[in-house]
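Nothing in this text is a laboratory measurement; each read-out follows from the coordinates by a stated rule. As the structure is a prediction and not an experimental result, all values here were calculated from the model. Reconstructed Cβ throughout: ideal geometry from the backbone, glycine too, with neighbour counts over all protein chains shown.
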Amino acid sequence: MALTGDIVIGSERLSGRAATFRAVDPATGAALEPAFAFAGEAEVARACALAEDAFDAYRDTTPEARAAFLEAIGDEIMALGDALIERACAESGLPRARIEGERGRTVGQLKLFAGVVRAGNWLDLRVDTALPERKPLARSDLRQRHIALGPVAVFGASNFPLAFSVAGGDTASALAAGCPVVVKGHPAHPGTGELVGEAVRKAVASQGLPAGTFTLLLGANETGAALVRDPRIKAVGFTGSRGGGLALVALAAARPEPIPVYAEMSSVNPVYLMPGALAARAEALGKAFVGSLTMGAGQFCTNPGLVLALAGPDLDRFVGAAATAMQDYAPPAMLTPGIHAAYEAGRKALAGNGRVRCVAEGKVGEGANRGTGALFVAEAADFLADEALSHEVFGASSLVVRCRDIEELVRVTRKLEGQLTATLHLEPSDADLARRLVPVLEVKAGRILANGWPTGVEVSHAMVHGGPFPATSDGRSTSVGSLAIRRFLRPVCYQDLPAELLPEALRDAALAGLPHMMDGKAVLPG
Ligand SMILES: NC(=O)c1ccc[n+]([C@@H]2O[C@H](COP(=O)([O-])OP(=O)(O)OC[C@H]3O[C@@H](n4cnc5c(N)ncnc54)[C@H](O)[C@@H]3O)[C@@H](O)[C@H]2O)c1
Ligand SMILES: O=CCCC(=O)C(=O)O
């Protein structure tokens with residue numbers, strides 16, 4: 001498929017629009033053809049009108065039809081073949097193996113939601129049977145199900161050009177919920193986006209769905225702002241900067257009809273090195289830590305940007321091993337000049353902070369947009385005294401905080417902002433300390449890990465990729481895993497409706513084949 005750079009709204013191709021924007025190969029700085037046209041307010045309004053027109057028909061699709069659509073998207077993405085892999089590598093600077101793995105993750109995510117839609121648990125069907133004889137008040141027949149919120153705006157992330165972008169988790173979960181989607185593609189990978197957008201459009205057509213079920217738009221911040229402000233949009237999914245996420249939250253809150261914004265924004269993902277673990281394997285931990293820190297040039301939102309431990313010779317062993325590993329780190333190009341600049345500014349701010357010591361730097365990369373890795377150390381008292389030290393530096397830098405004792409370790413933990421993850425490295429002898437930390441960590445983070453590394457999120461049913469602010473704008477949600485569908489649903493209760501007016505799923509015959517709650521008791525089909 002040849003890239004056109006055209007705006008396509010639903011199935012309407014707007015060729016010949018002024019196309020001025022080109023992608024840049026971050027590894028070389030070279031502009032990539034073709035030029036892409038940015039959507040203006042008129043195109044945003046048209047896309048939202050088509051999405052609204054599609055909503056009733058799309059939300060009323062049968063579970064099988066919707067599941068087949070999600071699977072068809074995955075098939076169309078695979079059918080793009082090497083063209084997608086090569087374009088995504090060129091636009092992101094990420095290696096082929098990463099992009100191929102991410103393609104598998106993206107298609108797997110779509111299939112996961114197809115299974116979720118078919119299983120029916122997401123409907124959360126509940127029935128309270130009528131009690132006409134109840135005294136002093138009779139009880140009505142009450143039935144509940146979840147329905148789609150409405151058209152959803154999705155902002156593609158720069159750092160996962162497939163799994164968190166045009167057909168990524170936000171799009172997959174919104175479509176699974178029955179919501180049409182208007183994606184504002186990330187300007188870092190417009191060609192990748194066009195290819196995936198075409199795959200989705202082909203699936204919309206092959207499944208006989210309304211054209212407004214999906215639209216991909218490109219543009220600068222103004223395009224995204226117009227999308228969030230459009231009254232036909234009923235929710236927003238976003239992965240990106242804290243500033244960007246908060247800007248969208250403010251726009252959505254200022255609307256005459258405020259709407260939810262599910263923004264995944266910022267996290268330093270603290271790693272706790274327990275005394276027993278350090279005593280047993282400090283060097284191995286140091287090396288493995290740097291492997292996680294430098295994964296994807298440190299451009300994972302799950303990047304371990306903070307390490308906490310009790311000061312002592314075993315922590316010194318860890319720092320020594322991590323410093324040695326860091327010195328061997330040769331940085332690849334970062335995703336965009338902007339992300340590289342932001343990272344370098346953050347790293348240099350740490351290096352210039354008198355409360356912090358730089359104990360190792362990685363190699364200076366050759367070529368454009370190389371972010372030098374760095375490892376810093378600070379005493380807990382200094383960390384507590386400078387709030388800037390707890391902010392995310394999006395790249396391959398991390399800060400090790402030395403605590404004098406357990407009380408200081410817990411004090412530092414309580415001061416942390418909300419996090420996507422918190423990781424404990426522990427041995428059985430660390431159980432007492434871990435028991436003190438876990439209750440504090442579960443209030444701070446969306447995911448708690450033991451003896452692993454935060455980078456590498458499993459797309460599954462139990463996964464939570466979310467967390468209290470500022471990890472996300474709504475700590476009750478996750479953007480990865482089957483629970484993500486809940487963000488785009490709302491409950492409706494049907495009281496004493498005649499059977500012929502009830503939604504199909506709430507009629508007695510259908511209930512027998514669906515998981516549901518009957519008078520407070522869980523009932524499984526069959
Ligand atoms: N924590 C994470 O998961 C994560 C992921 C990627 C980037 N980041 C951070 O974000 C920084 C910039 O990277 P990025 O370009 O991916 O994120 P970004 O937030 O700058 O952009 C993400 C998307 O949001 C849009 N956007 C941003 N600000 C907006 C505004 N005020 N109004 C309307 N739309 C807006 C952009 O056009 C883009 O499509 C990185 O340096 C890093 O610090 C964090
Ligand atoms: O960058 C945000 C998501 C990180 C992720 O999905 C992973 O660590 O696998």
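Descriptive notes on the structure:
- With only the Cα atoms considered, the chain has a convex hull volume of 170 Å³ per residue.
- Equivalent ellipsoid, region 1-153 (semi-axes from 5 times Cα gyration tensor eigenvalues, Å): 44, 22, 13
- Put simply, the Cα atoms of region 270-450 extend 49, 30, 29 Å along their principal axes, the longest span coming first.
- Within the chain, longest stretch clear of exposed GluC sites (Glu not before Pro) (DSSP loop, no more than 14 other Cβ within 10 Å): 134-365
- Computed from point charges on the beta carbon alone (+1 for Lys and Arg, -1 for Asp and Glu), the dipole magnitude for region 270-450 about its Cα centre is near 180 Debye.
- Scaled radius of gyration (Cα, divided by 2.2 N^0.38 Å) that region 373-526 gives: 1.49
- R0 of 41 Å, Cβ-Cβ distance VAL364-ALA57: FRET efficiency to nearest 0.05: 0.15
- Computed across region 446-520, the Kirkwood radius stands at 15.6 Å (inverse of mean 1/r, all Cα pairs).
- Nearby lysines by direct alpha-carbon distance to LYS363 (threshold 25 angstrom, same-chain neighbours under 8 apart not counted): LYS287, LYS348
- Hits among lysines - C-alpha to C-alpha of LYS415 under 22 Å, sequence gap 8 or more where chains match: LYS444
- For ILE147, the amide hydrogen comes within under 5 Å of the amide hydrogens of ARG490, VAL492, counting only partners 5 or more places away or on other chains and with H modelled in the peptide plane.
- Distance between region 343-372 and region 183-219 - C-alpha centres, whole angstrom: 38
- Think of region 270-450 as a dipole: +1 on every Lys or Arg Cβ, -1 on every Asp or Glu Cβ, centred on the Cα centre; then among SER397, LEU375, GLN299, GLN299 lies furthest on the positive end.
- A straight Cα-to-Cα reach below 16 Å connects LYS111 with the aspartates and glutamates GLU64, GLU71, ASP75, GLU76, GLU102, ASP170, GLU458, residues fewer than 8 places away in its own chain not being considered.
- Taking the empirical scaling 2.2 N^0.38 Å for compact globular proteins as reference, region 351-435 has a Cα radius of gyration ratio of 1.28.
- Per-bin percent of Cα-Cα distances, region 146-299 [10 Å]: 10, 35, 27, 14, 10, 3, 0
- Among the trypsin sites (Lys or Arg not before Pro) found in region 471-526, those both in a DSSP coil and sparsely packed, with 16 or fewer other Cβ atoms within 10 Å of their Cβ, are ARG476, ARG507.
- For region 438-485: rounded, prolate or oblate by the Cα gyration tensor [a/c cutoff 1.5]: oblate
- With neighbour counts taken as other beta-carbon atoms within 10 Å, the residues HIS340, HIS425 rank, fewest first, as HIS340, HIS425.
- Note on region 38-108: along the principal axes its Cα atoms extend 41, 36, 15 Å, ordered by decreasing extent.
- Positive-end extreme of charge dipole, region 270-450 - chosen from TYR329, VAL356, ALA311 (charges on Cβ): TYR329
- Sparse packing (at most 10 other Cβ atoms within 10 Å of the Cβ) combined with a DSSP loop state is found for the following trypsin sites (Lys or Arg not before Pro) in region 80-181: ARG134.
- Gap separating the Cα centres of region 55-72 and region 6-40, nearest whole Å: 30
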